[in-house]
1. Between residue 71 and residue 16, what is the label-to-label distance in nm when each label sits 7 Å out along the Cα-to-Cβ direction?
2. For residue 30 and residue 90 in the same chain, what is the full-extension length gain: residue separation times 0.36 nm, less their Cα-Cα distance, in nm?
3. Report which label in (i) 1.01; (ii) 1.05; (iii) 2.03 holds the value of Cα Rg over 2.2 N^0.38 Å derived from the coordinates of this structure.
4. Provide the packing ranking of 63-75, 42-54, i.e. peptides ordered by the mean count of other C-beta atoms within 10 Å per residue, highest first.
5. Taking R0 as 41 Å, what FRET efficiency do you get between residue 107 and residue 54 from their Cβ-Cβ distance, rounded to the nearest 0.05?
């Protein structure tokens with residue numbers, strides 16, 4: 001996380017459902033964070049060293065079987081998922097932008 005203030009902002013959006021998503025994902029990946037962005041959308045961030053050097057599609061292939069274990073309503077609400085390898089935020093502009101939006105969510109229209 002980029003700083004303590006940002007962490008508090010998104011962490012205040014956590015729900016029992018997002019904590020359950022984190023719990024499931026953390027059984028398979030090094031780190032996972034989730035929060036409810038608005039009534040219709042969950043945001044998820046997964047960090048794992050297995051993502052290094054992999055395309056977005058290859059990363060998705062690692063994550064999708066785990067997401068499939070969540071109930072259908074929860075799966076349907078996951079609208080934003082950030083898949084990072086450790087230190088990628090320091091190495092990639094796009095990863096930094098994606099992580100920044102996760103940590104400092106823009107205002108929801110709902």
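1. Output for this residue pair reads 1.0 nm.
2. This chain segment gains 19.8 nm when fully extended.
3. It is the one labelled (i).
4. Ranked from most to least packed, the peptides come out as 42-54, 63-75.
5. For R0 = 41 Å, the calculated efficiency reads 0.80.
No value in this document is a laboratory result; all are computed from the given coordinates. Computed from a predicted structure; not experimentally measured. As a convention, Cβ positions derive from the backbone with ideal geometry for all residues, glycine included, and neighbour counts pool all protein chains shown.
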